[in-house]
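A.B. asks: First the structure, then my questions, so here it is.
The values are calculated or read from the model by the stated rules, or taken from the named source; none is laboratory data. Bear in mind the structure is a predicted one, so any value in this text is a computation, not a measurement. Virtual Cβ from ideal backbone geometry, glycine too; neighbours counted across all protein chains shown.
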């Protein structure tokens with residue numbers, strides 16, 4: 001049973017990642033960065049010619065005036081990616097909603113967001129990520145998120161991809177894990193290597209046939 005002990009020691013060597021945030025395989029990029037083309041159109045969130053960051057920074061309810069870096073979630077190419085949250089959500093607040101479907105509702109089911117436009121269309125952020133736009137601003141001890149919804153199914157000809165039919169902001173706790181210093185990592189790594197070598201040598205001695 002050498003492997004479990006080695007695995008535990010190795011886990012001590014590898015730095016832990018930041019703990020909070022959505023469960024996703026996506027990529028976060030600044031919304032005004034040149035690296036990728038956003039999946040929403042350029043007339044989004046609050047009017048013609050404006051992009052997500054404009055509303056996030058100007059909305060009285062967004063609590064984000066002057067945010068230095070607003071990022072959006074995508075699949076690495078600017079497209080859609082499924083997401084869900086296992087963390088607690090704080091200060092969940094609807095910041096706007098101009099949907100044509102006045103009965104539209106947004107809920108959270110099994111860590112995924114579910115939007116019902118009230119006239120027969122129900123979308124969730126895992127199976128229908130193209131109906132959602134997720135933005136974030138990372139702070140010192142929390143992450144503030146902004147979730148925008150497109151209420152018309154993407155395959156419809158009159159879909160406008162504005163993601164301003166329902167908007168929500170909320171925060172999640174954020175506690176970065178300390179990264180060990182290089183000297184600490186070296187000592188831990190040396191201990192793991194020595195332990196593995198000792199166990200290997202012990203195994204060889206135990207399997208060696210006794211002398212006549």
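A.B. asks: Specify which of the listed residues (130, 167, 139) is closer than 23 Å to residue 30 by Cα and surrounded by fewer than 16 Cβ atoms within 10 Å (Cβ to Cβ).
C.D. replies: Values: 130 fails: surrounded by fewer than 16 Cβ atoms within 10 Å (Cβ to Cβ); 167 fails: surrounded by fewer than 16 Cβ atoms within 10 Å (Cβ to Cβ).
Exactly one residue qualifies, and that residue is 139.
A.B. asks: Also, I was wondering about something else. Could you please find all residues in region 82-93 being touching a strand residue (DSSP E or B) at 6+ places or on another chain (Cβ under 6 Å) and crowded, with 20+ Cβ neighbours inside 10 Å?
C.D. replies: Within region 82-93, 83, 85 qualify.
A.B. asks: Okay, moving on. Can you name the condition, by its number, that residue 66 falls short on among (1) under 14 Å from residue 31 (Cα atoms); (2) free of Cβ contacts under 8 Å to residues at least 40 places away in the same chain?
C.D. replies: For residue 66, the exception is condition (1).
A.B. asks: Run down 95, 143 and say which single residue is in a strand (DSSP E or B), modelled with pLDDT of 60 or more and more than 22 Å from residue 81 (Cβ to Cβ). Spell out how you get there, then give the answer.
C.D. replies: Details: 143 fails: more than 22 Å from residue 81 (Cβ to Cβ).
Answer to the check: 95.
A.B. asks: Being within 15 Å of residue 147 (Cα to Cα) and at pLDDT below 75 is the filter; apply it to region 24-51 and report the residue that is farthest from the chain's Cα centre (by Cα).
C.D. replies: Across region 24-51, the extreme among qualifying residues is 46.
A.B. asks: Spot the failing condition for residue 65; the list is (1) on the phi < 0 side of the Ramachandran plot; (2) touching a strand residue (DSSP E or B) at 6+ places or on another chain (Cβ under 8 Å); (3) at pLDDT below 80, and only one is missed.
C.D. replies: Failed condition: (2).
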